[in-house]
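For reference, the structure discussed in these notes is given below.
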Amino acid sequence: MGSVRIGRVNDELMKTLSELLRTVRDPRVTGLVSIVRVETAPDLGSARVYVSVLGDENARRDCIKGITSASGYLRREAARRLRLRYTPELTFVADDSIVSGTHIMELIDNVAKKDDDKRKLIPETAAEFLKTRDDILILTHKSPDGDTVGSAAALAIALSSLGKRAYLFENTEMSARLRRRAKAYFAPEGFVPKCVIAVDIADKKLFCEGAEEFAENVDLSIDHHITHKPYSRRACVVAESAACGEIVYDIVKLMGVKITKKLADLLYIAISTDTGRFLHANTTPETHIKAAELISHGADFEAINREFFVEKSAARLALEAEILSGLKLCFGGKVGIITLSAETIRKTKATEDDLEGISALARVAKGVSLGVYIHEKNGAIKVSLRSDERVNSAEFCAFFGGGGHERAAGCTMDCTLSEAVEKIVTRIEELQLF
């Protein structure tokens, strides 16, 4: 069993470190670099990581030095992604087999194939792609939030400033608060797009009503969900970003667009709402830096925070009272479950604006690690999870056909509210999370 476990750790480390290598900014880590194999010690205390570098001896030596200098970052990120009880100390070693002619040709062929694969873009290439397109339609997802709407509207403004025709597909589910921000950019009747962009949409199942016809014809998707399922011709997916607004901000700057107050407001809405006013665990130092830059460009953070996080209507207050009165604490108070029926929504006369951010209430009780929000919407049962580092919400929801982020995810169930609660509790028990 020990050798099987070591083999699994080797495979997981190899895959994760290969992905992380692409994020290392050290200028010495350039060119064709790949991890050939990982050999972890039996006690899991250390691991030798064999790295192939295409180039002369000096290039190989410098590259290994660059990777070694980033070993702390690589080990820390690998630990966060793999959730191992103990992550081995990493030693990076040059694999000289790279110099063999056969191996070199194989790697060159692989690079050629990757170059032909236009799906995977980074913000720089996404910006270049967008600069070559016109007559653009931008899609947002079902149950639209501040991130998808703010990012989409900001992108429409940026592209328009470059002299392009760029509009949003009118998502009828938008709350009044978000609709006010986006309606000026809705596509006019009869508009025929030549390029379709999806923003913050992790799966084509999440296309809003009426936009399904574009599901097989999306030219570029911009997303930050680790559970992103490929559906577009090109994809710019940066899972390290706390919000899609961060990626769009990078793309807008790379296109050379001036950041106006209106742009800054929309992107600040995108970032602040998807991080729960920077309280969620997905928030990074880079998130704060970008938010600060947007404020420097005129984002009215005080008014936005008050509108989206502080002010509450009478209906919202009544809704919260109903929900919190039925808060269920289980597993020793580590799990909080709240439910919301269609009848309660009707009774309180709550609007889409009033329903925004409800999922956060599931974790208001001290000591709750996993908050579960289950509600009825359009005849279906929607489940939203918010968790701390002890629970991977994306993996949990993937079991039910959903997805999202490690600390925030969701899924849809075909059952009743009470049955959904039972299914969630049963799954927690099966996983022995608490």
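The values are calculated or read from the model by the stated rules, or taken from the named source; none is laboratory data. As the structure is a computational prediction, the values presented were derived from the model and not from experiment. Virtual Cβ from ideal backbone geometry, glycine too; neighbours counted across all protein chains shown.
Can you find a residue that is over 27 Å from residue 204 (Cα atoms), out of contact with any Gly (no Cβ under 8 Å at 6 or more places or on another chain) and at pLDDT 95 or above anywhere in segment 235-250?
Filtering segment 235-250 down to residues over 27 Å from residue 204 (Cα atoms) leaves none.
Among the residues of segment 235-250, not one is over 27 Å from residue 204 (Cα atoms), out of contact with any Gly (no Cβ under 8 Å at 6 or more places or on another chain) and at pLDDT 95 or above, which makes the answer no.
Identify the residue in segment 379-394 that is without any contact (Cβ under 8 Å) to a residue 40 or more places away in the chain and either polar (S, T, N, Q) or in a strand (DSSP E or B) (or both) and, among all such residues, is surrounded by the fewest Cβ atoms within 10 Å (Cβ to Cβ).
380
Let's see how each residue does on (1) touching a strand residue (DSSP E or B) at 6+ places or on another chain (Cβ under 6 Å); (2) on the phi < 0 side of the Ramachandran plot; (3) not hydroxyl-bearing (Ser, Thr, Tyr):
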| residue | (1), (2), (3) |
| --- | --- |
| 293 | no, yes, yes |
| 333 | no, no, yes |
| 340 | yes, yes, yes |
| 362 | yes, yes, yes |
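With respect to residue 62, determine if the residue is more than 16 Å from residue 19 (Cβ to Cβ) and either among the polar types (S, T, N, Q) or surrounded by 14 or more Cβ atoms within 10 Å (Cβ to Cβ) (or both).
Answer is yes for this residue.
Can you find, within segment 6-51, the residue that is nearest to residue 82 (Cα to Cα) among those that are at pLDDT below 85, hydrophobic (A, V, I, L, M, F, W, C) and part of a helix (DSSP H, G or I)?
9
Can you pull out every residue in segment 175-210 that is modelled with pLDDT of 95 or more, in a loop (DSSP other than H, G, I, E, B) and buried (at least 16 other Cβ atoms within 10 Å of the Cβ)?
187, 193, 200, 201 - these are the residues of segment 175-210 that are modelled with pLDDT of 95 or more, in a loop (DSSP other than H, G, I, E, B) and buried (at least 16 other Cβ atoms within 10 Å of the Cβ).
Taking the conditions exactly as written (surrounded by 24 or more Cβ atoms within 10 Å (Cβ to Cβ), assigned to a helix (DSSP H, G or I), at pLDDT 95 or above and touching a helix residue (DSSP H, G or I) at 6+ places or on another chain (Cβ under 9 Å)), does residue 270 satisfy them or not?
Numbers: surrounded by 24 or more Cβ atoms within 10 Å (Cβ to Cβ): yes; assigned to a helix (DSSP H, G or I): yes; at pLDDT 95 or above: yes; touching a helix residue (DSSP H, G or I) at 6+ places or on another chain (Cβ under 9 Å): yes.
Criteria met by residue 270.
Within segment 126-147, which residues are assigned to a helix (DSSP H, G or I) and among the hydrophobic types (A, V, I, L, M, F, W, C)?
Of everything in segment 126-147, those that are assigned to a helix (DSSP H, G or I) and among the hydrophobic types (A, V, I, L, M, F, W, C) turn out to be 126, 127, 129, 130.
Would you mind stating whether residue 120 is closer than 30 Å to residue 301 by Cα and modelled with pLDDT under 95?
no
Has segment 213-234 got at least one residue that is buried (at least 18 other Cβ atoms within 10 Å of the Cβ), under 30 Å from residue 311 (Cα atoms) and either free of Cβ contacts under 8 Å to residues at least 12 places away in the same chain or of a type in the set (S, T, N, Q) (or both)?
no
Considering 84, 74, 107, which residue is closer than 30 Å to residue 276 by Cα, of a type outside the set (Lys, Arg) and modelled with pLDDT under 90? Outline the logic, then answer.
Details: 74 fails: modelled with pLDDT under 90; 107 fails: closer than 30 Å to residue 276 by Cα.
Testing whether each residue is closer than 30 Å to residue 276 by Cα, of a type outside the set (Lys, Arg) and modelled with pLDDT under 90 leaves just 84.
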